[in-house]
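J.: Submitted below is the structure of interest, expressed as structure tokens.
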Amino acid sequence: MVQLHPVRVYRSDEPLPREEQLAWKIARVATDPVEVTEEVTDMVINRVIDNASVAAASLTRAPVTSARSQALSHPASTGGTGSTVFGEDADVRVSPEWAAWANGVAVRELDYHDTFLAAEYSHPGDNIPPITAVAQHVAAARGITGRDLVRGIATGYEIQVDLVKAICLHKHKIDHVAHLGPSAAAGIGTLLGLDVTTIYQAIGQALHTTTATRQSRKGEISSWKAHAPAFAGKMAIEAVDRAMRGETSPTPIYEGEDGVIAWLLDGPGARYEVPLPAEGEAKRAILDTYTKEHSAEYQAQAWIDLARKLNREYPELAEAAERIERVIIRTSHHTHFVIGSGANDPQKYDPTASRETLDHSIPYIFTVALQDGRWHHVDSYSPERAGRPDTVALWHRVVTEEDPEWTRRYHSLDPAEKAFGGSVEIQLTDGTVIRDEIAVADAHPLGARPFAREQYVAKFRTLADDVLEPAEIERFLEVAQRLPQLRPDELAGLTIVGKPGLLAAVPTPKGLF
């Protein structure tokens with residue numbers, strides 16, 4: 001059974017043995033030799049495919065090109081054969097922390113991979129690039145196999161989900177990647193079979209170096225949004241390296257008088273209960289997570305699906321937007337205040353705003369999906385689409401409101417009740433009112449069309465079609481679906497190689513390296 005571990009702040013004159021610290025308990029979970037279940041292994045494969053899908057779609061985008069060019073300036077380091085970089089030929093190898101950087105940005109750029117929402121927000125798939133990069137780098141030297149990689153990824157998901165369930169970061173304007181540094185470090189520890197002490201030190205360093213403010217997701221959202229989780233993965237690898245060399249970290253990193261909880265989160269009086277698997281209990285947290293059918297912030301997924309449904313049922317709404325007097329979206333506290341009108345960000349109504357900003361604007365997303373009856377990861381964000389006069393006019397008549405019941409369901413611990421949607425009221429100029437609601441996205445495990453292997457494969461084929469050769473698409477899918485059986489020499493195959501000339505045609509920025 002999952003065990004709840006109480007966590008609070010301790011004064012400096014209060015002894016807190018290592019064994020009672022959260023970082024140590026996380027490290028104990030990472031070293032537990034319990035086998036990964038078949039169901040979890042199957043989902044790990046799905047998410048490896050999912051990450052490659054969204055990475056393929058972003059290969060030529062500016063932030064990804066920038067991160068890739070930085071990585072290529074850091075060839076394979078000592079200690080291994082190096083790691084692959086998405087888009088490049090498989091024989092091109094770079095130092096693992098830089099591969100995690102480049103591949104992490106590619107995965108995160110389009111905001112199109114998996115999610116888990118509870119007390120905090122997260123994209124647990126961000127664990128995969130750093131853990132895979134380390135696996136590729138040391139595979140030959142340490143005999144790392146696909147089975148080892150599956151174990152490491154399962155740990156990364158487990159720790160991130162467990163932290164997200166218990167400890168809220170955004171309330172204190174701390175970015176969600178503060179849970180990713182520790183989870184990736186723990187996952188790498190499992191992958192390498194490190195001891196508890198080493199993983200404990202790595203977790204402390206990873207957390208200490210990856211706490212940052214949420215300004216990266218506020219107002220005019222910049223390209224750093226895609227880099228932030230990649231930076232956390234990079235830092236996790238470096239933290240593990242230092243810990244393996246015997247270096248120590250600030251302790252207790254969570255519970256200390258001047259630690260993360262005391263000064264960055266709920267303060268000296270804070271109390272949390274963090275759920276972690278008991279010894280011998282399988283790591284199943286990945287099964288609580290869900291991916292995206294659409295390239296948009298997760299709270300937008302259900303709203304896109306509802307807007308598409310309304311487009312089919314009331315085509316006149318798309319054909320004559322001037323008939324719509326007002327649209328009221330009633331939803332959870334988070335959706336209203338973070339990506340709705342409750343954020344009070346004028347940029348969320350600005351047709352010249354960045355793609356990253358529009359991605360976090362429910363008024364914009366609902367308007368475009370209602371008018372177009374679809375959502376496209378490129379076309380729906382184009383300046384031409386955002387600036388269409390009838391769209392801008394309708395967009396500015398869309399508002400969000402918090403509904404206490406949808407907030408309660410958002411925070412429910414019952415998976416059957418937990419919801420990420422809400423209700424909509426469309427008021428027409430002739431007095432007609434159209435009402436509808438949706439609880440979860442169609443692709444959610446409880447949605448109208450839950451994602452299974454077939455949908456993950458289809459998503460990969462669709463997003464890779466323009467950038468990968470047909471043979472490369474089939475090669476990757478074959479390797480990924482054999483993940484648990486991969487030999488050390490086959491782990492380098494967990495990458496995608498762009499069509500000839502694809503990357504060369506993209507301008508490469510220059511920096512220091």
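J.: For segment 66-89, what are the residues that are β-branched (Val, Ile, Thr) and surrounded by fewer than 22 Cβ atoms within 10 Å (Cβ to Cβ)? Reasoning before the result, please.
T.: Filtering segment 66-89 down to residues β-branched (Val, Ile, Thr) leaves 78, 81, 84-85.
Scanning segment 66-89 gives Thr78, Thr81.
J.: Which pairs turn up if I take residues in segment 459-473 that are closer than 13 Å to Ala55 by Cβ and look for partners that are among the polar types (S, T, N, Q) with beta carbon separation below 7 Å, at least 6 apart in sequence or on another chain?
T.: If the second residue must be among the polar types (S, T, N, Q), the pairs left are Lys459/Ser53; Phe460/Ser53; Leu463/Ser53; Ala464/Ser53.
J.: Can you find a residue that is part of a strand (DSSP E or B) and charged (D, E, K, R) anywhere in segment 396-411? Spell out the reasoning first.
T.: To start, the set of residues in segment 396-411 that are part of a strand (DSSP E or B) comprises 398-402.
With charged (D, E, K, R) added as a condition, the list becomes 401-402.
Checked against the condition, which is being part of a strand (DSSP E or B) and charged (D, E, K, R), segment 396-411 yields at least one hit.
J.: Restricting to segment 118-145, and then to whatever is crowded, with 22+ Cβ neighbours inside 10 Å, of a type in the set (A, V, I, L, M) and within 16 Å of the chain's Cα centre (by Cα), can you tell me which residue is nearest to Val40 (Cα to Cα)?
T.: Result: Ile128.
J.: To continue, here is another question. What about Thr331, is it among the β-branched types (Val, Ile, Thr) and closer than 27 Å to Val457 by Cβ?
T.: Working: among the β-branched types (Val, Ile, Thr): yes; closer than 27 Å to Val457 by Cβ: no.
Here the answer is no, as Thr331 does not meet what is asked.
J.: Which condition breaks for Glu38 when tested against (1) of a type in the set (D, E, K, R); (2) surrounded by fewer than 24 Cβ atoms within 10 Å (Cβ to Cβ); (3) touching a residue at least 24 places away in the same chain (Cβ under 8 Å); (4) farther than 21 Å from Ala504 by Cα?
T.: Just one mismatch for Glu38, condition (3).
J.: From the list Ala369, Ala343, which residue is farther than 16 Å from Ile221 by Cα, surrounded by 14 or more Cβ atoms within 10 Å (Cβ to Cβ) and touching a helix residue (DSSP H, G or I) at 6+ places or on another chain (Cβ under 7 Å)?
T.: None of the others qualify; the one that does is Ala369.
J.: Right, another one. What residue, of His294, His208, His227, is under 30 Å from Tyr456 (Cβ atoms) and assigned to a helix (DSSP H, G or I)? So that I can check it myself, show each step before the final result.
T.: Values: His294 fails: assigned to a helix (DSSP H, G or I); His208 fails: under 30 Å from Tyr456 (Cβ atoms).
Only one candidate qualifies: His227.
J.: Still on this structure, please answer the following. Restricting attention to segment 161-178, and to residues there that are out of contact with any Phe, Trp or Tyr (no Cβ under 9 Å at 6 or more places or on another chain) and part of a helix (DSSP H, G or I), which single residue is surrounded by the fewest Cβ atoms within 10 Å (Cβ to Cβ)?
T.: By that ranking, first place goes to Lys171.
J.: Can you pull out every residue in segment 90-107 that is crowded, with 24+ Cβ neighbours inside 10 Å and either modelled with pLDDT under 95 or aromatic (Phe, Trp, Tyr) (or both)?
T.: Trp98, Trp101
J.: What is the residue count in segment 22-70 for residues that are closer than 14 Å to Gly125 by Cβ and β-branched (Val, Ile, Thr)?
T.: 5
J.: I'd like to verify a number: residues in segment 237-291 that are of a type in the set (A, V, I, L, M) and assigned to a loop (DSSP other than H, G, I, E, B), how many? Talk me through it step by step, then tell me what you get.
T.: So the first thing to find is which residues in segment 237-291 are of a type in the set (A, V, I, L, M), and the list is 237, 239-240, 243-244, 253, 260-262, 264-265, 270, 274, 276, 278, 282, 285-287.
Of the ones still in play, those that are also assigned to a loop (DSSP other than H, G, I, E, B) are 253, 265, 270, 278, 282.
So the answer is 5.
The values are calculated or read from the model by the stated rules, or taken from the named source; none is laboratory data. Quantities reported herein were computed from a predicted structural model and do not represent experimental measurements. Backbone-built Cβ (ideal geometry, glycine too); neighbour counts: all protein chains shown.
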